[in-house]
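To start, the structure under review is shown below, and the notes come after it.
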Amino acid sequence: MLLIGFAITLLYALLIGSFILGFNKVPLFHLKRIPSKTTFSVVVPFRNEAENLPILLESIQNLNYPKELFEVILVDDDSEDESVELIVGFLANARTDVTIINNVRKTNAPKKDAITTAINNAKHEWIVTTDADCTLPEFWLNSFNAFIQETNTKCIVAPVKYHDTIGFLNAFQTLDFLSLQGATIGGFGINKPFLCNGANFGYKKSLFFELNGFKGNSTIASGDDIFLLEKVAKTHPNNLHYLKCNEAIVSTQTQKSWKHLFSQRLRWSAKTSNYKNAFGKLTGLIVFLMNAFVVLSILFCLFNLFSFKSLLYILVLKLYVDFLLLYKTASFFNSKHVLKSYLLGFLVYPFFSVFIALTSVFKSYTWKDRTFKK
């Protein structure tokens with residue numbers, strides 16, 4: 001078991017080390033003053049988001065981009081709260097081109113249907129998706145515009161962070177999310193893109209239609225971002241880029257309870273078995289094996305079946321490489337303060353991760369008051 005443990009740890013260290021090197025290879029994009037000429041259709045699917053929509057709508061109003069160059073399409077996915085009424089009230093005084101449309105359901109994936117519905121109604125060539133619980137930075141579209149003009153990109157993955165909040169639950173989520181963002185950026189840096197987030201994702205409308213949208217994964221409720229990324233990475237690798245720009249960082253909400261967090265992570269985990277990206281699958285496997293080995297080793301140490309000294313060596317190595325990636329990522333997202341919870345989060349995470357991975361094999365998940373099978 002010791003040899004297996006060190007082999008897994010070595011693979012894990014090499015993987016995270018590659019992300020650290022890759023993170024440095026993705027250049028920081030500095031927003032420059034250039035003419036605004038790219039036109040955007042911002043797509044926001046929503047269902048029962050009355051609590052979050054006011055913040056999103058205010059940030060839309062505050063976007064510092066020519067109003068005639070973008071539209072916002074809000075897609076109502078059968079909301080049962082006051083979301084629609086709230087938006088209608090906002091539209092009465094809106095200074096931007098904002099419309100609300102109803103989702104046209106055709107598959108078992110409501111959010112994918114909502115995005116497809118919006119794209120079919122979009123006026124502009126560039127589609128940028130975000131979520132109803134997000135806050136958009138003032139120069140969000142400006143950064144996309146500048147990046148598009150400087151590159152030959154057809155698809156842009158952009159950064160997402162959690163709002164700063166207090167408490168260990170929020171710190172734990174932020175650390176976990178920063179690790180995902182670090183792996184996302186690192187993957188692009190080593191030319192192995194395998195992660196993105198639909199809260200900040202842009203692509204040409206013509207590209208979406210060329211790839212037949214979400215065809216091929218419409219039976220899977222989530223994954224509107226990852227599965228489209230896989231298609232782009234396979235067919236247009238040279239036109240896929242990461243926008244590592246501070247002005248492009250979208251902020252979103254953490255989950256309010258451990259129960260909600262478990263539900264969210266179950267949803268995220270449920271789609272992994274359908275990934276087609278070999279590197280993404282390998283990454284998931286190595287990370288799972290590492291965390292599973294840590295959990296088993298701790299249990300075996302309690303029964304004197306594994307050397308505590310060996311476990312300590314493994315934990316120290318994992319602690320070090322994880323921290324390096326998190327530190328780089330937290331520095332970019334201006335979230336270094338959350339690192340004070342790193343040690344406790346480091347101890348909790350293997351148990352959390354293994355529980356989610358194993359539970360997702362057998363359990364359905366709830367999303368927006370709907371239950372989906374894996």
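The values are calculated or read from the model by the stated rules, or taken from the named source; none is laboratory data. Small disclaimer: the values here were computed from a predicted structure and weren't measured. Counting neighbours? That spans all protein chains shown, and the Cβs are built from the backbone with ideal geometry, glycine included.
Any residue at all in segment 218-228 that is under 19 Å from T151 (Cα atoms), assigned by TED's automatic domain parsing to the domain that holds I156 and of a type in the set (D, E, K, R)?
Within segment 218-228, not a single residue is under 19 Å from T151 (Cα atoms), assigned by TED's automatic domain parsing to the domain that holds I156 and of a type in the set (D, E, K, R).
Can you pull out the residues in segment 120-139 that are crowded, with 19+ Cβ neighbours inside 10 Å and under 26 Å from N152 (Cβ atoms)?
A122, W126, I127, V128, T129, T130, L136, P137
Assess whether G182 counts as being of a type outside the set (D, E), in contact with a helix residue (DSSP H, G or I) (Cβ under 7 Å, 6 or more places away or on another chain), closer than 20 Å to K276 by Cα and in the same structural domain as A114 (by TED's automatic domain parsing).
no
Consider segment 227-269. How many of its residues are farther than 22 Å from E58 by Cα and either part of a helix (DSSP H, G or I) or of a type in the set (S, T, Y) (or both)?
The total comes to 26.
Inside segment 276-286, can you point out the residues that are surrounded by fewer than 18 Cβ atoms within 10 Å (Cβ to Cβ) and either in contact with a Pro (Cβ under 8 Å, 6 or more places away or on another chain) or closer than 11 Å to F227 by Cβ (or both)?
Residue satisfying the conditions is K276 alone.
Condition check: more than 17 Å from N197 (Cβ to Cβ), more than 17 Å from the chain's Cα centre (by Cα) and of a type in the set (A, V, I, L, M). Does L302 satisfy that?
In short, yes.
Scanning for something of a type in the set (S, T, N, Q) and within 19 Å of D131 (Cβ to Cβ), does segment 199-212 turn up at least one residue?
Yes, because at least one residue in segment 199-212 is of a type in the set (S, T, N, Q) and within 19 Å of D131 (Cβ to Cβ).
Out of segment 184-212, which residues are over 20 Å from Q253 (Cβ atoms), small (G, A, S) and surrounded by fewer than 23 Cβ atoms within 10 Å (Cβ to Cβ)?
Within segment 184-212, G189, S206 qualify.
Would you confirm whether any residue within segment 23-37 is surrounded by fewer than 21 Cβ atoms within 10 Å (Cβ to Cβ), among the β-branched types (V, I, T) and closer than 30 Å to V84 by Cβ?
Looking for residues that are surrounded by fewer than 21 Cβ atoms within 10 Å (Cβ to Cβ), among the β-branched types (V, I, T) and closer than 30 Å to V84 by Cβ, one finds none in segment 23-37, hence no.
Suppose we keep only residues that are hydroxyl-bearing (S, T, Y) and under 19 Å from L2 (Cβ atoms) within segment 305-328. Which one would you say is farthest from the chain's Cα centre (by Cα)?
S307
Check whether at least one residue in segment 189-206 is closer than 24 Å to I16 by Cα, assigned to a helix (DSSP H, G or I) and touching a Ser or Thr at 6+ places or on another chain (Cβ under 9 Å), and report yes or no.
Looking through segment 189-206, at least one residue is closer than 24 Å to I16 by Cα, assigned to a helix (DSSP H, G or I) and touching a Ser or Thr at 6+ places or on another chain (Cβ under 9 Å).
Inside segment 48-105, can you point out the residues that are part of a helix (DSSP H, G or I) and either among the polar types (S, T, N, Q) or under 23 Å from the mean Cα position of the chain (by Cα) (or both)?
Selection gives L53, P54, I55, L56, L57, E58, S59, I60, Q61, S83.
Does at least one position in segment 77-95 carry a residue that is surrounded by 18 or more Cβ atoms within 10 Å (Cβ to Cβ) and under 29 Å from Q149 (Cβ atoms)?
No, because not a single residue in segment 77-95 is surrounded by 18 or more Cβ atoms within 10 Å (Cβ to Cβ) and under 29 Å from Q149 (Cβ atoms).
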